[in-house]
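Below is one structure, written out as structure tokens; the observations come after it.
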Amino acid sequence: MRVEVRAEKYDLDLTLPPSFVSSLYVRVGPRHWIKKFGFLKGLRLMQANSLLIAEVDGHVNEEVFKEEVLLESGLWYYPDVSLVKNGKIKKVVDRLYEAYGGARLSISPRDFNYILTSVVLSKRTSYGRFVLMWCSRIFEKLDGDLEEIAHSDLRFAGTSYQLDQLKLTLRDFLSRGLDKQVAKLSPSALRRELLRCWGIGPKVADALILFTFRSPKTIPCDTHLKTMVKRLGLYEEFVEPVKQLCIKYACNSAEADELGLDVCPNSSRCLRALLIRDLGDLAGWFQTVCYIHGGSYCKPSKPSCEKCLLSDLCRYRS
Ligand code: SF4
Ligand code: SF4
């Protein structure tokens, strides 16, 4: 089966690498990726100018195929930067859009188990150097079977402590029956359930939800995001999300109404709540482009300020 999608201001090579969906793919050439694991294994995504071409062998329901291509290519989402109206954050968002507007949000709800594995493994390590390698070895042997992964000797994949911790987290996740609840819960409700699991903090829960739900407001507060927000001086001061508060409270009144919880006492200074307030549906995309820019320019040590497109807006630089 084959489908072609017109895609203006889009770049497959900017979209897939920052998404945990990339742990299911291999890049075989410029703007050419093949899915090695998960739903629609063998799916080929290729971009030629402003055309995205998707192909897979065998029979697949056409509607399901088209939907999956839009989700995994990221083309279901368009970053509407006009949603941000005022302030320094608008200037930063506009500038990032000029440079990285081709990046979209690649998500795969049907591959939840694989992406859970990949996100949990990514704690305090390099995604490109280690997580992709561990995932490839695990999925090659055990596919996305969480029971198998949780109870297997994973030394065939590596000896790092992240692999031992993955098993503990998956056992807790499974013992709570969350694998059967994922499809029934809203992103906000699932976030709270995930946070009760051993080894899952706000960043892991948010990354998992961002890349497995149509939930662009979700924003994982990772190192690149925190570094750039701080250096640019987007907020005078902020604090990071705190797991125990996230379990008990909601970030804003909309979420409080949905979940029947009180609004968090940290909501006026917590980075996650501030960015959701100021960016809305651009929040997850903003994290994605900060990840791209942070990886190339705004590195935690030795940022390349002289080449940075944000240098005239940056407090750190000045
Ligand atoms: S505002 Fe509170 S509930 Fe929301 S992310 Fe921050 S710490 Fe968690
Ligand atoms: S000017 Fe330097 S510190 Fe500021 S955003 Fe750019 S790379 Fe980061």
Looking only at segment 235-275, count how many residues are of a type in the set (Ser, Thr, Tyr) and more than 9 Å from ligand 1 (Cβ to nearest atom). 2
Quick check: is even one residue across segment 33-51 assigned to a helix (DSSP H, G or I) and farther than 22 Å from CYS135 by Cα? no
Only residues that are hydroxyl-bearing (Ser, Thr, Tyr), within 20 Å of TYR127 (Cβ to Cβ) and buried (at least 20 other Cβ atoms within 10 Å of the Cβ): list them for segment 262-315, please. THR288, TYR291
Residues (without any contact (Cβ under 8 Å) to a residue 12 or more places away in the chain and either part of a helix (DSSP H, G or I) or among the hydroxyl-bearing types (Ser, Thr, Tyr) (or both)) located in segment 72-126: SER82, LYS90, SER126
Specify the residue that is nearest to SER188 (Cα to Cα); the eligible residues are those in segment 219-238 that are open to solvent by less than 10 Å² (accessible area, probe 1.4 Å) and part of a helix (DSSP H, G or I). LEU225
Please work out which one of (1) without any contact (Cβ under 8 Å) to a residue 60 or more places away in the chain; (2) more than 20 Å from the chain's Cα centre (by Cα) is the condition LYS66 fails and give its number. (1)
All positions within segment 181-195 that are surrounded by fewer than 22 Cβ atoms within 10 Å (Cβ to Cβ) and closer than 14 Å to LEU170 by Cβ: VAL182
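The values are calculated or read from the model by the stated rules, or taken from the named source; none is laboratory data. Remember, it's a predicted structure, so these values are computed and weren't measured experimentally. Glycine also receives a Cβ, built like all others from the backbone with ideal geometry; neighbour counts cover every protein chain displayed. Only protein heavy atoms, including side chains, enter the accessible area calculation; ligands, DNA and RNA are left aside. Shrake-Rupley method; radii C 1.70, N 1.55, O 1.52, S 1.80 Å.
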